[in-house]
Amino acid sequence: MACRLCTANDRDALIEFLAEKLWDSRMGEFETPTPWSEAGPTWQGKFREMAVSAALALEH
């Protein structure tokens, strides 16, 4: 299986995928999880920022 980070040719799609996965990983802590599509622009923006940081850390 190829590394998604290494083979991604659409950086924005990679960041969106990673942000959603990070969001989903936190939703297990809540009784009623909120889907990524309903997270709202503030939360989505924050999780995209974390996804960019994570991707940069893994690239170096």
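Below, the figures for the structure above:
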| quantity | calculated |
| --- | --- |
| Between 0 and 90°, nearest 10: helix 11-27 axis offset from the chain longest Cα axis | 40 |
| Relative contact order, percent, the chain [alpha-carbon distance under 8 Å, six or more residues apart] | 40 |
| Label assignment, Kirkwood radius over Cα pairs in Å derived from the structure, set (i) 12.2; (ii) 11.5; (iii) 13.5 | (i) |
| Helix axis angle, 41-59 relative to the chain longest principal axis, alpha carbon, degrees | 30 |
| Neighbour net charge for S37 - beta-carbon separation under 12 angstrom, K R +1, D E -1 | -4 |
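Each reported figure results from applying straightforward, stated rules to the coordinates on display, with no laboratory input. In this text, all values refer to a predicted model and were calculated from it rather than measured experimentally. Glycine gets a Cβ as well: all are built from the backbone with ideal geometry, and neighbour counts include every protein chain shown.
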